[in-house]
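**Q** Here it is, the structure in full.
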Amino acid sequence: MKYLDEYRDPALARRLLDELRNTATRPWRIMEVCGGQTHTLVRQGIDELLPAGIRMIHGPGCPVCVTPLETLDRAMAIASRPGVIFTSFGDMLRVPGTETDLLSLRARGADVRVVYTPMDAVRIAQEQPEREVVFLAVGFETTAPANAMAVLHAARLGLANFSMLVSHVLVPPAMTALLDDPDCEVQAFLAAGHVCAVMGWREYEPIAAKYRVPIVVTGFEPLDLLEGILMAVAQLEQGRFEVENQYVRAVRRSGNTEAQDAVRTVFRVTDRAWRGIGALPDSGLELAEEYGRFDAARRFDVGGLRPVEDPECIAGAILTGARLPTDCAAYGTRCTPRHPLGAPMVSAEGTCAAFHAAGRTKEVSPS
């Protein structure tokens with residue numbers, strides 16, 4: 001197949017669903033670890049079309065959603081300072097902190113700007129050397145190479161007014177943390193194709209072997225997901241626990257080694273707090289000591305932060321797949337995309353936002 005619409009062919013989707021029905025002989029529970037995949041599953045109704053007993057569990061695949069509240073509060077404290085130009089991707093602007101969000105700060109006069117690449121922030125720093133320019137660097141392994149290249153470029157330019165507030169998270173430690181939970185119901189994973197396009201899938205092989213869970217690297221279109229689910233179910237039925245690659249058009253086992261080299265040069269692995277989940281060891285990236293001068297958390301002393309989550313928000317249970325958005329008492333009433341209580345409702349990849357956009361109600365929950 002060459003064209004995008006071919007990956008949405010309804011006839012091929014029906015054939016894959018028929019094959020799934022013929023393959024599955026018992027219930028299976030599969031987690032997708034990507035917010036983009038969640039949106040496709042929910043928007044297209046794939047999770048409701050699967051054979052009875054095959055249940056999709058929506059995992060912590062939204063980097064915006066898992067960015068810790070303390071990082072957001074720190075971002076807003078920095079953005080509020082005179083002389084600071086605070087830059088971010090647009091999906092972070094409406095994520096609620098303890099008291100406000102970046103968009104509200106901008107409305108009150110803070111210089112908060114949306115950029116499309118971290119290189120835009122570097123360019124702004126070049127053009128305005130009298131101002132401090134800060135970029136909010138969040139995301140999984142997918143966005144880390146571009147952020148690493150921005151730091152390397154700023155270092156080559158000798159910029160003294162550019163820094164990053166880093167909150168990168170890593171997928172494999174999150175998967176192992178979920179599997180170590182005695183209440184975990186996940187029997188197989190769909191791995192995010194864009195993460196694996198960067199990192200490959202070698203890191204997943206020990207996880208599949210140790211925990212005896214199939215892991216299928218999967219794309220984002222309806223047929224990608226249906227084929228990935230079929231591959232996972234086939235492994236489960238056959239008693240195999242391997243890493244397989246459905247997303248062959250974009251991913252290879254070794255990943256993008258040049259991107260990996262850039263990440264290893266600029267960042268180092270560290271413990272990281274995940275919003276709603278808690279601290280996970282070796283689950284994040286921070287700037288290496290050699291590039292510590294670009295660390296906004298070091299550059300700006302914002303004093304003691306006291307982040308407080310909204311008590312109504314059950315984001316942690318949703319991010320780990322323990323609950324559905326429709327289980328939340330505030331879903332669709334006190335919590336909406338216009339007035340979110342938590343990040344999963346406002347983020348473009350959040351599970352709550354996916355359910356709300358698809359018109360899912362509390363009365364009609366997916367099987």
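The values are calculated or read from the model by the stated rules, or taken from the named source; none is laboratory data. For clarity, every value in this text was computed on a predicted model and none was experimentally measured. Don't worry about glycine lacking a Cβ; one is built from the backbone with ideal geometry, like all the others, and counts go over all protein chains shown. Surface accessibility is based on the protein's heavy atoms, side chains included, excluding ligands, DNA and RNA. Shrake-Rupley method; radii C 1.70, N 1.55, O 1.52, S 1.80 Å.
**Q** For the range 259-367, what's the radius of gyration and Dmax over Cα atoms, in angstrom?
**A** According to the Cα coordinates of the range 259-367, Rg and Dmax are 17.9, 54 Å.
**Q** Ignoring ligands, DNA and RNA, what percent of the 1.4 Å accessible area of the chain is carbon and sulfur?
**A** Answer for the chain is 50 percent, counting heavy atoms of protein chains only.
**Q** Okay, next question. Suppose R0 equals 45 Å. What FRET efficiency, 1/(1 + (r/R0)^6) with r the Cβ-Cβ distance, do Glu237 and Glu258 give to the nearest 0.05?
**A** The value I calculate is 0.70.
**Q** A further question on this structure: Which value, in debye to the nearest 20, gives the size of the charge dipole of the range 136-227 about its Cα centre, when Lys and Arg are +1 and Asp and Glu are -1 at the Cβ?
**A** I would put it at about 500 debye.
**Q** Using Cα atoms only, what is the angle between the long axis of helix 144-157 and the major principal axis of the chain, expressed in degrees (0 to 90) to the nearest 10?
**A** Here the helix axis deviates by roughly 20 degrees.
**Q** Kindly identify the range 1-61 as rounded, prolate or oblate by the Cα gyration tensor criterion: order the square roots of the eigenvalues as a ≥ b ≥ c, call it rounded if a/c is under 1.5, otherwise compare a/b with b/c, prolate if a/b is larger, else oblate.
**A** Numbers: a/c = 2.24, a/b = 1.09, b/c = 2.06.
Oblate.
**Q** Follow-up. Any chance you could give the angle, 0 to 90 degrees and rounded to 10, that helix 118-127 forms with the longest Cα principal axis of the chain?
**A** Roughly 10 degrees between the two axes.
**Q** Between Glu130 and Val114, what is the spin-label point distance in nm, taking each point 7 Å from the Cα along the Cα→C-beta axis?
**A** 2.9
**Q** Now, a different point. For the range 68-154, place one equal point scatterer on every Cα, skip the solvent, and apply the Debye formula. What is log10 of I(q)/I(0) at q = 0.16, 0.23 Å⁻¹?
**A** -0.60, -1.18
**Q** Over the chain, how many percent of alpha carbon pairs lie in each 10 Å bin up to the one with the longest distance?
**A** 5, 24, 32, 24, 11, 3, 0
**Q** Compute the distance from the alpha-carbon center of the range 159-223 to that of the range 293-347, in whole Å.
**A** 21
**Q** Return one number: the angle in degrees, 0 to 90 and rounded to the nearest 10, between the long axis of the Cα atoms of helix 171-180 and the longest principal axis of the Cα atoms of the chain.
**A** With both axes taken from Cα atoms, the answer is about 60 degrees.
**Q** Let me ask something else about it. Tell me whether the range 178-329 comes out rounded, prolate or oblate; compute the Cα gyration tensor, take square roots of the eigenvalues as a ≥ b ≥ c, and use a/c under 1.5 as the rounded threshold. Let's see the in-between values first.
**A** Numbers: a/c = 2.22, a/b = 1.28, b/c = 1.74.
Oblate shape, in that a/c is at least 1.5 and b/c is the bigger or equal ratio.
**Q** Now for a separate question. Kirkwood Rh over alpha-carbon pairs of the range 100-225, then Stokes-Einstein at 37 °C and 0.692 mPa s: what D in µm² s⁻¹, rounded to an integer? The partial results should precede the final answer.
**A** Working: Rh = 17.4 Å.
Result for D is 189 µm²/s.
**Q** Sort Leu165, Leu49 from largest to smallest accessible area, using a 1.4 Å probe on the heavy atoms of the protein chains. Write out the running numbers ahead of the final one.
**A** Details: Leu165 5, Leu49 95 Å².
Reading off the accessible areas and sorting them downward yields Leu49, Leu165.
**Q** Output the relative contact order of the chain, whole-number percent, from Cα pairs under 8 angstrom with separation of 6+ residues.
**A** Once normalised by length, the contact order is 23 percent.
**Q** When N counts the residues of the range 221-284, how does its alpha-carbon radius of gyration compare numerically with 2.2 N^0.38 Å, as a ratio?
**A** Scaled against compact globular proteins, the figure is 1.56.
**Q** At 1.4 Å probe radius, can you tell me the per residue accessible area of the chain in Å²?
**A** 43
**Q** Label point 7 Å out from Glu99 along Cα-to-Cβ: which residues of the range 35-74 have amide N under 15 Å?
**A** 70, 72-74
**Q** Determine the order of Met199, Met31 by accessible area, beginning with the largest, at a probe radius of 1.4 Å.
**A** These residues rank, largest area first, as Met199, Met31.
**Q** Kindly point out, ordered by number, any Cys in the chain whose beta-carbon has no other cysteine beta-carbon under 4.7 Å away.
**A** Here Cys34, Cys184, Cys196, Cys313, Cys328, Cys335, Cys352 come out as lacking a disulfide-compatible partner, given the Cβ-Cβ threshold of under 4.7 Å.
**Q** So how far apart, in nm, are the two label points at Ala288 and Leu152 if each is 7 Å from Cα heading toward Cβ?
**A** It works out to 1.0 nm between the two label points.
**Q** Shape verdict for the range 255-305, please, from the Cα gyration tensor: rounded (a/c under 1.5), prolate (a/b greater than b/c) or oblate.
**A** In terms of gyration-tensor shape, oblate.
**Q** When the Cα centres of the range 115-157 and the range 29-76 are compared, how far apart do they sit, in Å?
**A** 28
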